[in-house]
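What follows is one structure encoded as structure tokens, with my remarks underneath.
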Amino acid sequence: MTNAADADDTAANTAAADAADTDAADDDRWLTRAVRLATANVADGGGPFGAVVVRDGAEVACGVNRVTRDLDPTAHAEVEAIRAACRALESHSLAGAVLYSSCEPCPLCLTAGLWARVDRVVFAADRNDAAEAGFDDREFYELLERDRDTWPNPVVSRRIAAAGAPFEAWRSAEHRDPY
């Protein structure tokens, strides 16, 4: 014999499972879009990366890797998609959005997504797939786990007297838009 609480739990579990199935189907749809963008970009002479920003079930913007085309080492697919989405929404915040990527975002792109305040990041291929194709995303993740003193390129902190001045100006600015 079941009681009302058991019936409520069963209904809640069924609803959660249905929502998870819907989320998985949506994720697959948008990941497929990102992978198609990446594949088409290779055919156009670009890198094998594509990304889509989605909010409320609709595409806000997409991006592909334009590093070599634009001679810009930051023109990764995710960054391009984030920039386009922010322009489309006229906001620096992508709260409520999901960033879909054809491949696990490199540290630059992952951090850009975090700064943009996306709700989730979902990717298809991973850093190992990228490494097999000659991309060093995995090496950068490994580098960031090591002590900076062991890095091949020095990252030097040198505090000067005026180091805090920009932040003092920011704190006293009346027109600032916090992010």
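The values are calculated or read from the model by the stated rules, or taken from the named source; none is laboratory data. These numbers come from a predicted model, not from an experiment. Cβ coordinates were reconstructed from backbone atoms using ideal geometry, including for glycine residues, and neighbour counts include every protein chain displayed. In case anyone asks, the SASA skips ligands and DNA or RNA and just uses the protein heavy atoms, side chains included. Shrake-Rupley method; radii C 1.70, N 1.55, O 1.52, S 1.80 Å.
Just the residues that are part of a helix (DSSP H, G or I), open to solvent by 100 Å² or more (accessible area, probe 1.4 Å) and among the hydrophobic types (A, V, I, L, M, F, W, C), please, taken from region 145-169.
Listed by number, the list holds a single entry, 167.
Name every residue in region 21-32 that is open to solvent by 80 Å² or more (accessible area, probe 1.4 Å) and either modelled with pLDDT of 95 or more or small (Gly, Ala, Ser) (or both), in order of residue number.
Listed by number, the residues that qualify are 28, 29.
Can you tell me which residue is farthest from the chain's Cα centre (by Cα) among those in region 87-113 that are surrounded by fewer than 18 Cβ atoms within 10 Å (Cβ to Cβ) and more than 19 Å from residue 30 (Cβ to Cβ)?
So, considering only residues that are surrounded by fewer than 18 Cβ atoms within 10 Å (Cβ to Cβ) and more than 19 Å from residue 30 (Cβ to Cβ), the one farthest from the chain's Cα centre (by Cα) is 90.
Taking the conditions exactly as written (hydrophobic (A, V, I, L, M, F, W, C) and under 22 Å from residue 57 (Cβ atoms)), does residue 124 satisfy them or not?
yes
Among the residues of region 82-108, what is the count of those that are within 30 Å of residue 177 (Cβ to Cβ) and touching a strand residue (DSSP E or B) at 6+ places or on another chain (Cβ under 7 Å)?
13
Find all pairs meeting these conditions: Cβ atoms under 9 angstrom apart; at least six residues apart or on different chains; first residue within region 22-47 and closer than 12 Å to residue 124 by Cα; second residue open to solvent by 30 Å² or more (accessible area, probe 1.4 Å) and in a loop (DSSP other than H, G, I, E, B).
Cβ pairs passing all conditions: 38/48.
Restricting to region 31-85, count the residues that are in contact with a helix residue (DSSP H, G or I) (Cβ under 6 Å, 6 or more places away or on another chain), assigned to a helix (DSSP H, G or I) and within 11 Å of residue 100 (Cβ to Cβ).
Total meeting the criteria: 1.
Starting from region 126-139, take each residue that is more than 15 Å from residue 76 (Cβ to Cβ) and list its partners that are open to solvent by 80 Å² or more (accessible area, probe 1.4 Å), counting only C-beta distances under 8 angstrom and pairs at least six apart or across chains.
Once the first residue is more than 15 Å from residue 76 (Cβ to Cβ) and sits in region 126-139, its partners that are open to solvent by 80 Å² or more (accessible area, probe 1.4 Å) give 128/138; 131/138; 131/139.
Residues 102, 91: which one is part of a loop (DSSP other than H, G, I, E, B) and either touching a residue at least 40 places away in the same chain (Cβ under 8 Å) or farther than 18 Å from residue 48 by Cβ (or both)?
91
Quick check on this structure: which one of 138, 127, 117 is within 25 Å of residue 37 (Cα to Cα), open to solvent by less than 70 Å² (accessible area, probe 1.4 Å) and within 22 Å of the chain's Cα centre (by Cα)?
After ruling out the rest, the residue left standing is 127.
Pairs under 8 Å by beta carbon, first residue of a type in the set (Lys, Arg) in region 108-122, partner surrounded by fewer than 18 Cβ atoms within 10 Å (Cβ to Cβ), six or more apart or different chains?
Taking only residues 6 or more apart or on different chains, the pairs are 117/93; 117/95.
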